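Each remark here refers to the structure printed beneath this line.
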Amino acid sequence: MDRTQAAKELERLAKLIAHHDYCYFTLANPKISDEQYDALRRQNQELEALFPDLRRLDSPSHRIGSPVSSQFDKVKHRKPLLSLDNVFNEKEFADFGKKLRRFLKMPEDVSIPMLAEPKIDGLSASLHYQDGQFVLGATRGDGQEGENITANLRTVRDLPLGLLGENIPKSLEIRGEVYMKLADFEELNAKRRQQDEQAFANPRNAAAGSLRQLDSTVTAARPVHFFAYYAQSLEGNLVENQSELLQKLQTWGFVVNPHHKLCNTFDEMIKYYQTMQEVRQTLDYEIDGLVFKVNDLRLQERLGVVGRAPRHSIAFKFAAQQAETIVDDIILQVGRTGVITPVAVLQPVIVGGVTVSRATLHNEEEIRRKDIRIKDTVIVQRAGDVIPQVVKVKTSKRSSDSQVYCFTANCPCCNSHLYQTPGQIAKRCLNGFGCEDQAIQRLIHFVSRDALNIDGLGEKHISRFYSLNLITTPVDIFTLEDRNKTLKESLETWEGWGKQSAQNLWDAINKVRTLPLDKLIYALGIPQIGQTTAKLLAKHFMVFERFLETILKAHQNDSVVHKELMPIEGIGHGMARDIIDFFQQKYNLQMVEGLLKHITVLPYEVASNLPLSGKTVVFTGGLEHISRSEAKAQAEKLGAKVGSAVSAQTTFVVAGKDAGQKLKAAKELGIQVIDETAWQEMVAGL
Ligand code: IVH
């Protein structure tokens, strides 16, 4: 066979095998026997071995996986991968509908048709297709940036390597959920336990763990599946609504969850939610609620985004699943910020298809309130990826000699006396980096993906470096390369390390010597300061020096707290206190000062490349065609700041019907005024 014939034959085999994958995985209706299928795969493999350079992007041999490089590359998402807001009951769900109508200026009695879909409890992934070929697959990451897991996703049979059918879009980005079936999860865990490997806590973690394999042959051997459910971007007007999209996805060769339903009225939505609560018990994979999506894609576009979630969709969560078991023991864990968390060690019990053997007891107060004792029979529950919890004790089953649980006064790790902040429930060990459990977790947090994101410095490495006294504080990370040169046994000679992997580590560390302000604030691990709050602080203070100076002043001067910290939307009193306290601890301040000798903190970056970046718009008067919220959202999407009062800083004023004071002020200040139609034209034109 010559090259041209081989190329033709490889194309035929790729298409044929893809067709049989589609029959088997998407339609669950195989057309040939397993033997016939295997023979086709073998033929393809043999031909590729003869002509390796003719291996196609959509070749079925990608399904087997291949050992890949030492790390995942980062992928900056073209459009952020959003999350969903949650509601937990009918009233909240009804409020969601009201908000939609208000935003769209629709009458109260109009129902907006919604597509209901199961909310799969897995891991979100985005898939890019170019000219019908699967070219890039990424994790969601923080929504802005994920990891390139293309090779691993290629091994997942539920997604097409090449889109099937006619009318294929030139470019397409699909979102869906990678998940593991309950039975496969239990089997995988049983195998892991047998091999003395740590079991996965739930199917979601198992799916995530399977995808984060540097060697995709490992992923290929894991039973991971994929449901497609959203078009992140889709060229051309191929579909008009979400239900059509799901059909289209299926014809392209994706597996779509079968339990979706178009609901026209509120009652239909509630009824379907109740039905699915029953169906959930029979499914062989986990769902933790329903997602309701406005069916009309044009309305979806108009509704836009608020924060990290689209306005057009909502997750209506199910109640947690419950079961009965016995508490074998209560142990105490020390968290990253020193908080002591008691944990119940349970006799393993299956809750909603998953074996549970531990549950959090939160704190001393919770144990006292529920009077949980060792040997008690308890009801436990789990909700999605939330840690299992003890709901209540069955006191009728309690033995007469049982004793009230007595909480320790000292840290179970370093034995220092525990402290309780007045007004707070949790007991804390204040020994910080002096307490091994805390130090290790703080270091792990510092280098973690959402913080400094130092590749190749994972939990295992941190623990090892810590135990050898090589990294005991964040500053040590930046001096390690120099110190390594004088070590008797340098890193390059350690088991599992070599010249190249050591060099990779130095490169990864050097790469983060320059970092954005919000990442540093988050990485410090200040209690209560998550990514969102870190961003708020960074946006407010812009540079680290000003942040630090203000926080140190705030300790002595309450008016600084009120003037500088409290006006930041999203910062409460408790948070302000925690930030101030953090820098009052001498050790923390010294650590930060030490760090600044090794790193450069970039000022917070305000997006400056949008059409209205740097401009301030003020809306006044009644808008006729859109709601005030939609107008505000339009402006913010284009990069503008929306002001509430007219001042010299205002770029222009959009004046609706009966505009009063603000219009007057604008005229006096000589600020440009436009009407609603002009605003809409401007939005459409930008
Ligand atoms: S739609 C822009 N549909 O739930 C909207 N998400 O809590 C994109 N999820 O990050 C999401 N099943 O990982 C959508 N049928 C479904 C889903 C679903 C599960 C996940 C998804 C998302 C998370 C939000």
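The values are calculated or read from the model by the stated rules, or taken from the named source; none is laboratory data. Remember, predicted model here, so these are calculated numbers, not experimental data. Positions of Cβ are backbone-derived with ideal geometry, glycine not excepted, and every protein chain shown enters the neighbour counts. Just the protein is used for accessible areas: all its heavy atoms, side chains included, with ligands, DNA and RNA removed. Shrake-Rupley method; radii C 1.70, N 1.55, O 1.52, S 1.80 Å.
Just a few scattered comments:
- Some residue of segment 313-327 being within 16 Å of the ligand (Cβ to nearest atom), outside any loop (DSSP other than H, G, I, E, B) and without any contact (Cβ under 8 Å) to a residue 40 or more places away in the chain: no
- Within segment 236-252, the residues that satisfy the criterion of being in contact (Cβ under 8 Å) with a residue 60 or more places away in the chain, away from the ligand (no atom under 15 Å from the Cβ) and of a type in the set (A, V, I, L, M, F, W, C) are LEU238, TRP252.
- Considered as a group, the residues in segment 392-451 that are among the acidic types (Asp, Glu) and part of a loop (DSSP other than H, G, I, E, B) include one that is surrounded by the fewest Cβ atoms within 10 Å (Cβ to Cβ), and that residue is ASP401.
- For segment 23-49, the set of residues classified as of a type in the set (A, V, I, L, M, F, W, C) and either under 20 Å from LEU249 (Cβ atoms) or surrounded by 11 or more Cβ atoms within 10 Å (Cβ to Cβ) (or both) consists of CYS23, PHE25, LEU27, ALA28, ILE32, ALA39, LEU40, LEU47, listed by residue number.
- Checked against (1) within 13 Å of the ligand (Cβ to nearest atom); (2) under 24 Å from MET180 (Cβ atoms); (3) open to solvent by 20 Å² or more (accessible area, probe 1.4 Å); (4) of a type in the set (S, T, N, Q), ASN257 meets all criteria but (3).
- Selected residue [under 25 Å from the mean Cα position of the chain (by Cα), open to solvent by 50 Å² or more (accessible area, probe 1.4 Å) and away from the ligand (no atom under 15 Å from the Cβ)] from ASP131, ASP109, ASP85, ASP73: ASP73
- Residue match in segment 287-309 (condition: within 14 Å of the ligand (Cβ to nearest atom), open to solvent by less than 30 Å² (accessible area, probe 1.4 Å) and part of a loop (DSSP other than H, G, I, E, B)): yes
- Subset of segment 328-350 that is over 25 Å from VAL404 (Cβ atoms) and either without any contact (Cβ under 8 Å) to a residue 40 or more places away in the chain or open to solvent by less than 20 Å² (accessible area, probe 1.4 Å) (or both) - its residue that is farthest from the ligand (Cβ to nearest atom): GLY338
- Every pair of residues 6+ apart whose Cβ atoms lie under 7 Å, when the first sits in segment 537-559 and is without any contact (Cβ under 8 Å) to a residue 40 or more places away in the chain and closer than 18 Å to THR600 by Cβ while the second is of a type in the set (A, V, I, L, M) and part of a helix (DSSP H, G or I): PHE547/LEU537
- Any chance SER124 is within 16 Å of the ligand (Cβ to nearest atom), at pLDDT 90 or above and of a type in the set (Ser, Thr, Tyr): yes
- Inter-residue pairs, beta-carbon under 6 Å, first closer than 30 Å to HIS19 by Cα and among the β-branched types (Val, Ile, Thr) and in segment 253-275, second open to solvent by 50 Å² or more (accessible area, probe 1.4 Å) and within 16 Å of the ligand (Cβ to nearest atom), 6+ apart: VAL256/GLN250
- Within segment 191-217, the set of residues being open to solvent by 50 Å² or more (accessible area, probe 1.4 Å) and aliphatic (A, V, I, L, M) comprises ALA201, LEU214.
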